[in-house]
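The values are calculated or read from the model by the stated rules, or taken from the named source; none is laboratory data. All figures in this text were calculated on a predicted structure; none of them were measured in a lab. Note that we place each Cβ from the backbone using ideal geometry, even for glycine, and neighbour counts take in every protein chain shown. For accessibility, only protein heavy atoms count, side chains too; no ligands or nucleic acids. Shrake-Rupley method; radii C 1.70, N 1.55, O 1.52, S 1.80 Å.
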Amino acid sequence: GHEAAPLDLAKERQRTCWNSIAYVTTTPTTRDATGWTEYQDGDRRRYFVPCPICNAWQLLQWGQVKYPKGVDARTMRREHCATYECAHCGESIPDAAKRDVLARGVWVPAGVDVADWTPAARDADRADHRSYHINAAYSPWLTWSDLAAQWLIAKDRPERLQNWVNSWLAEPWEDKIEAPAE
């Protein structure tokens with residue numbers, strides 16, 4: 001409360017170092033939190049991976065995790081009911097293919113088409129402020145069913161849902177307040 005924002009102070013203290021690099025790593029909490037604003041101020045890189053079936057590039061998104069209705073979290077983890085559906089060809093990407101898919105991925109800045117992000121373009125990249133976003137779907141240690149089970153645990157409890165959004169989706173939480181009826 002007596003000085004400037006901690007991140008600003010850290011950057012100020014680096015001014016006299018000719019080769020300083022600042023890393024900010026955090027889980028976003030709200031849209032105005034430091035981690036999220038730093039990400040938005042940078043070049044907003046996302047990790048694109050190829051489908052093992054059709055080779056189309058895509059981001060791993062929660063909406064593509066599919067599972068049968070009515071399954072509870074315990075059953076989901078035990079029976080591995082969830083799959084990942086390719087956003088392009090609609091085929092299921094099994095957990096067994098995940099490590100290979102992740103190994104073939106590439107970080108791409110916002111506004112750049114993944115097809116244009118060639119090795120030569122990557123070598124010429126001289127961004128001043130790189131920023132990266134990645135969610136739990138990319139974890140090689142989590143299955144699609146782990147993600148779905150955690151969702152089933154969190155979806156009906158606001159305090160758990162906020163953690164799901166922040167820690168699993170790596171997105172800022174927004175309270176949804178309904179306007180009162182007139």
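Okay, here's what the table says:
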{"read-out": "1 or more residues of a type in the set (A, V, I, L, M) and open to solvent by less than 70 Å² (accessible area, probe 1.4 Å): qualifying strands (runs of 3 or more DSSP E) within region 18-104", "value": "45-50, 57-59"}
{"read-out": "Residue that is nearest to Val49 (Cα to Cα) [pool: residues in region 77-111 that are touching a helix residue (DSSP H, G or I) at 6+ places or on another chain (Cβ under 8 Å) and β-branched (Val, Ile, Thr)]", "value": "Val106"}
{"read-out": "Output for region 124-177, where each listed residue is assigned to a helix (DSSP H, G or I) and either at positive phi or in contact with a Pro (Cβ under 7 Å, 6 or more places away or on another chain) (or both)", "value": "Asn166"}
{"read-out": "Leading residue by the ranking (nearest to Glu85 (Cα to Cα)) among those in region 144-176 that are among the acidic types (Asp, Glu) and out of contact with any helix residue (DSSP H, G or I) (no Cβ under 8 Å at 6 or more places or on another chain)", "value": "Asp156"}
